[in-house]
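Enquirer: Shown below is the structure under consideration.
Computed from the coordinates by the stated procedures, all read-outs in this text should not be read as laboratory data. Here the structure is a predicted model, which means the values were calculated and not measured. Please note: Cβ atoms are built from the backbone with ideal geometry, for glycine as well, and neighbour counts cover all protein chains shown.
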Amino acid sequence: MPAPTQITVPDLLRALGTPDAPHIIDVCIDADFAEDPFLIPGSVRHPHTDLAGLRESLRGQPAIIICQKGLKLSQGVAAWLRAEGLNARYLAGGMFAWREAPDAPRVPASALPPRVDDARLWVTAQQPDVDRLASLWLIRRFLDRDARYLFVDQAEVQDIADRFGAVSFETFATPLAATGACVTFDDMLARFHLSLPALRDVSVKLAEPTLRAICDGLRHGAKCDLSHMDAMLPVFDALYANASATHEGRAA
């Protein structure tokens, strides 16, 4: 039975993409990360030497600490955070164990746009369709839990992104669309190596008329694009949760 101060790879895998997933903090030293520059989805790199900064960024929320082998760095940081009153665990076996797990996705760090002020600010066109909303959900749940979105006129997307140091979603997504896949969501799964079966099931649902009707209906009742997105996030959460449960049932 795992110690209460650790989490196993299967348990962390089940927590990925859920609305209440803990913060995942990668404290691997730079030399180790350079040899294997991949991230657990949703994780953020933070130096183990900046414990006060880490405590502040967590804002009292639960955290999973990751290092290369799950030994001194992650266990030490997690123990320090617990001593400060936070709920912190370390990943048993660290990145080595995650890398060896056949179903554990690893995001290439080079594919991620830079963070600004500890989060990524995205600018995208107003009135997003279900594919783009699903892509924004994917970013929030699997790439950057603190991602923020600005919805603006299509013609102003790039200029506003440039002015505010943000990422233009349209510019980011255009090279993806050029690959010939059906939807941006599919392309993002490929770019970020998010090969979870449940995410592929969500992708299939995006083409269904019922989901598109739900998306359109929620748009009509929303005050703005942000509230429309907020209304759709639980829909995608439910689709992903159902698909995850289905695949776990098959594996049982």
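Enquirer: Once Lys and Arg get +1 and Asp and Glu get -1 on their Cβ, which of 79, 51, 94 lies farthest toward the positive end of the dipole of region 6-109?
Expert: Among 79, 51, 94, the one farthest towards the positive end of the dipole of region 6-109 is 79.
Enquirer: Per-residue ellipticity at 222 nm for the chain, helices alone: DSSP H runs ≥ 4 residues times -39500 (n - 2.57), over residue total, nearest 500 deg cm²/dmol?
Expert: -14500 deg cm²/dmol
Enquirer: Further question on the same structure: Magnitude of the Cβ-charge dipole of the chain, K/R +1 and D/E -1, about the Cα centre, nearest 20 debye? Write out the running numbers ahead of the final one.
Expert: Working: 25 positive and 32 negative charges, 124 e Å.
Here the chain has a charge dipole of around 600 debye.
Enquirer: Take the Cα atoms of region 145-208, find their three principal axes, and give me the spread along each one in whole Å, biggest first.
Expert: Projected onto its principal axes, the Cα set of region 145-208 covers 38, 27, 22 Å.
Enquirer: In addition: Tell me, Kirkwood radius of region 33-74 from alpha-carbon pair distances, in Å?
Expert: Numbers: mean 1/r = 0.0860 Å⁻¹.
One decimal place: 11.6 Å for the Kirkwood radius.
Enquirer: Still on this structure: Tally the DSSP beta bridges in region 6-109 and give the antiparallel ones as a percent, rounded to 5. List each step's numbers first, then the result.
Expert: Working: 2 of 14 bridges.
Roughly 15 percent of the DSSP beta bridges within region 6-109 come out antiparallel.
Enquirer: Could you tell me the extents of region 64-113's C-alpha atoms along the three principal axes, largest first, rounded to whole Å?
Expert: The Cα atoms of region 64-113 stretch 34, 26, 16 Å along the principal axes, largest first.
Enquirer: Quick check of the Kirkwood formula: for the chain, what is the inverse mean of 1/r over all pairs of different Cα atoms, in Å? Intermediate results must be reported in sequence, preceding the final value.
Expert: Values: mean 1/r = 0.0521 Å⁻¹.
Taking the inverse mean of 1/r over all distinct Cα pairs, the chain comes out at 19.2 Å.
Enquirer: Principal axis lengths of region 112-251 from Cα atoms, whole Å, largest first?
Expert: Ordered largest first, region 112-251 gives principal extents of 49, 34, 31 Å.
Enquirer: Taking a ≥ b ≥ c as the square roots of the Cα gyration tensor eigenvalues, with a/c under 1.5 meaning rounded and otherwise prolate when a/b beats b/c, else oblate, which class fits region 173-252?
Expert: Details: a/c = 2.15, a/b = 1.18, b/c = 1.82.
Note, shape of region 173-252 comes out oblate.
Enquirer: Given the convex hull of the Cα atoms of region 6-109, what is a quarter of its surface area in nm²?
Expert: Details: hull surface 23.6 nm².
Reported value for the Cα convex hull: 5.9 nm².
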